[in-house]
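Here is the structure we will look at, set down as structure tokens.
Since every read-out is calculated from the coordinates, none of them should be taken as a lab result. Note that the coordinates shown come from a computational prediction; the quantities given were computed from them, not determined experimentally. All Cβ positions, even for glycine, are placed from backbone atoms using ideal geometry, and neighbour counts span all protein chains on display.
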Amino acid sequence: MHNNHCCRVVLTGGPGGGKTTAADLFRRELGEDVVIVPEAATILYTGGFPRSEDPDVRRSIQSAIYHVQRNLEDIQSTHYKSRVLLCDRGTVDGAAYWPEADSKGFFDFLSTSIEKELARYDHVVFFETAAVGGMSIEGGNPTRIENLDQAILLDKKLRALWSQHPKFHFVPHQKSFLGKISTALFIMSSIVKGQSKKK
């Protein structure tokens, strides 16, 4: 795993899965045991970072997001060694947004590997997109641009990547968002309690 004692949990999944809402709820429910690492892509896009469908531009965008994400995580790890880091997305996510179908190109471009990036995290909590149930994914994140079909495709790509992690926790879509959040909170509570026992 990573070179410090801070437990890292990545919250990921397709667009409209509820992970950002869940992260805020986890912080409220679990208190000082956790600290959130915000989503790098949202920080960049809301700050005016350009978007484009041009393959070269998309490579540069994902490279920038990757480096910002790594640095955000490492900064929080340094500041909060005794807390569980809740990472709103992780460094592997960019592979699903890479312009080429083969995600290996993403890791090669960044001189890393999926094995190295997965090893940065102790747990993966994957929120399946609400798009699989035909539900609207609008409203949660103002920078989201995907339609339902695109969200489902991204969800599949992301799941294929992250499910390779040995501690992959899948939170399926439910008609009741409260039910989905309750499932995820049970998983997170178990992770935090496990960390507390190690101290």
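At a glance:
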{"item": "For the chain, calculated [θ]222 nm from helices alone, where every DSSP H run of n ≥ 4 adds -39500 (n - 2.57)", "result": "-14500 deg cm²/dmol"}
{"item": "Cβ crowding within 10 Å averaged over residues, with 59-69, 158-168, 88-98 ranked highest first", "result": "88-98, 59-69, 158-168"}
{"item": "Top positive-direction residue, dipole computed over segment 1-143 with Cβ charges, set ALA41, SER77, PHE127", "result": "SER77"}
{"item": "Amide hydrogen neighbours beyond the local backbone of CYS87, cut-off 5 Å, H modeled", "result": "VAL9, VAL10, LEU11, VAL37"}
{"item": "Integer Hz, Karplus 6.51/-1.76/1.60 couplings in order for segment 166-177, x for Gly and Pro", "result": "x, 10, 9, 10, 9, 10, x, 4, 9, 4, 8, 5"}
{"item": "Value of relative contact order over segment 1-79, rounded to a whole percent, pairs C-alpha under 8 Å and six or more apart", "result": "28 percent"}
{"item": "Average Cα contact separation per residue, segment 8-198, under 8 Å, 6 or more apart, as relative contact order %", "result": "32 percent"}
